[in-house]
Structures are given as C-alpha cells and as structure tokens.
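In what follows, a structure is listed as structure tokens, so that the remarks can point back to it.
The values are calculated or read from the model by the stated rules, or taken from the named source; none is laboratory data. Remember, it's a predicted structure, so these values are computed and weren't measured experimentally. Please note: Cβ atoms are built from the backbone with ideal geometry, for glycine as well, and neighbour counts cover all protein chains shown.
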Amino acid sequence: MTPEAIEKIVAEHAEKQGSIIAILEDIQNRYRYLPEEALRIVARRTGKSLVDVYGVATFYKAFSLKPRGKRLISVCLGTACHVRGGQAIAEEFTQQLGITAGETTPDREITLETVNCLGACALGPTVVVDGHYHPHVSKRQVNEIIAAAREGAGQPDAQDDRRFFPLQAYCPACKKSLLDPDHRLDGHPAIRCDVSFDGREGWLRLSSLYGSRAMASEHEIPMSGRFRLYCPHCRNGMPHYSNCTECGSPMAALFIRPGCAYEVCTLRGCDGHLLNLEQPNMT
C-alpha cells in the first residue's frame, strides 16, 4: 500500500457526496482489507474524523481491518442452519483448512468466517464463497468447496463484485423501526414505507441491503416519476437533506443510527443512494 494509491482512490470520489463507503470498498477491493494508514488518509482527505471513518469500517461485516485471503468462505451459523448441522460444517472447514473462523490460511488464499445469517434460511446449511451460494451443504462437500475456491470456480466477475450491507432503518420522527420481518427482499427484511405519487397513496418496500435498489410497491410507480416517502407508523414524511448527484432529485433520508442516514433518490428508475455522514443535526 502506498499513500499515493489511497489518495488517488479518494480523489476519484471527490465530487460524490457521502462517498465514504465507496472509497472503503475500492480500498478493500484492491488490498483485500483496510490498512490503518489508509483509514487515516481517508479521514484527512475527506475532512471526516478518524472516529467516523473507523465507525463505518467496523459497522459493516464485509469490511475487514485484517488482511484477507483471495477467497472468503462464509459459513452460516444462524438458527436455521445451526439446527441442520451448520456447526459441524464450520468445524469441518476448520479442520481441513487448519484455521479457525476469522483467520486466513498461511498462503493468503482463503479466509474463513462464520456469520449469523446469510438470508437463505430455506437453503441451510449454507456456505457462501465470494458471493456464490452453496445450499444444503454436507460435510463430504466441504473438500469440494475448498478445492473450487482455490481454483476460483464460481467466483463473480470483478466488474460485478459489488458489496452489499444489511441496514437497519428507523423513522427520524417516531424512532420506530421501518424493517418489515414478514416481507423480504434480497433475502432480508424489507424497509417498509408509505408512498405517494401522482395523487395516489400506498405502501412501498425497499431492499435493506445497501447497494441494492430492489423494491416492491402496492401501485406501479411510473418510470421517471417522483414519489414521496412517509413513515407507516406516524405518517411523517421522510426528510430531505440533499439532492441526488445522478439526477438532481430530492433524496429521502431513512435513519440508520444517530448522525447517519441512508438516502435514496425519489425519482423512479434512478439508482442514486448513499450513506450520509454530513448532517450533524441528525438525531
């Protein structure tokens, strides 16, 4: 890692608001982890505090502060996978790789981790290798999965390797959760809002995975049509702190934690979205 390389990555995102996650994604994609010096450079060049940058880097499990291998194997130990033998699968990976969860093989080829949920409970026990899902895994398949990982089989193309982050979301007015556990998008509880457009009202669900713009709605929102989001609990409108850098439309803010909001473009068909750390008055 060189300071010049990190500064170049930061400069590539200089005109984009709320670009911290995108910057960290690019750094990790290049080095397979986030070096401490890189975080310091990002903080200095973006004007953010090191605490804010470190907070983002540690808030999302997809980021790592330790060097990772070329391949990441994730074994689910959530309830659905655990009762179907997930722990035994994890132990088999540990035995065959000679490392425990959170460690990387000496040749820096494979990092092993265990996770609480992969959003594919019906497929358990589930193992994911760099985004490629292996359903209903048995102990005898572990060796095959490791061999395929070392050969690079089933790996997504680098151009399509986008990182997705499960988000929590709550209303900034009434503080109630916006997650709807009874309805899922991308395998995770959807974000539920009420929506209005062209004089019509109904419900709208957004994916809670950062990086995905999957949605479902009670009424079809016409492409290039603008909409307004409301809390389904208190009916307050979601605030607007900024305009979309892609199309200029207002961004609707869904709070993630104090001082941080997930903003989505309110123009149907626009993929604009960001995590906004710019608003100190968010509470």
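Of all the residues that make up the range 212-240, how many are within 27 Å of PHE63 (Cα to Cα) and either in contact (Cβ under 8 Å) with a residue 60 or more places away in the chain or aromatic (Phe, Trp, Tyr) (or both)?
Final tally of qualifying residues: 1.
Condition check ((1) under 26 Å from VAL129 (Cα atoms); (2) charged (D, E, K, R)) across all residues:
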site	(1), (2)
ILE23	yes, no
PRO35	yes, no
ILE41	no, no
ARG45	no, yes
ALA57	yes, no
THR79	yes, no
GLY85	yes, no
GLU91	yes, yes
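When you scan the range 113-128, how many residues do you find that are of a type outside the set (A, V, I, L, M, F, W, C) and modelled with pLDDT of 85 or more?
Final tally of qualifying residues: 4.
Can you tell me which of ALA38, ALA80, ALA90, ALA101 is outside the structural domain of GLY152 (by TED's automatic domain parsing) and either modelled with pLDDT under 85 or more than 16 Å from the chain's Cα centre (by Cα) (or both)?
Going through ALA38, ALA80, ALA90, ALA101 in turn, the sole match is ALA38.
Can you tell which of ARG71, ARG32 is at positive phi and surrounded by 17 or more Cβ atoms within 10 Å (Cβ to Cβ)?
ARG32
Can you spot a residue in the range 244-258 that is of a type in the set (Val, Ile, Thr), modelled with pLDDT of 80 or more, closer than 27 Å to ALA43 by Cβ and not assigned by TED's automatic domain parsing to the domain that holds GLY47?
no
Within the range 56-68, track down each residue that is in a helix (DSSP H, G or I) and surrounded by fewer than 17 Cβ atoms within 10 Å (Cβ to Cβ).
THR58, PHE59
Which members of the range 129-141 meet the condition of being surrounded by fewer than 19 Cβ atoms within 10 Å (Cβ to Cβ) and at pLDDT 85 or above?
HIS136, SER138, LYS139, ARG140, GLN141
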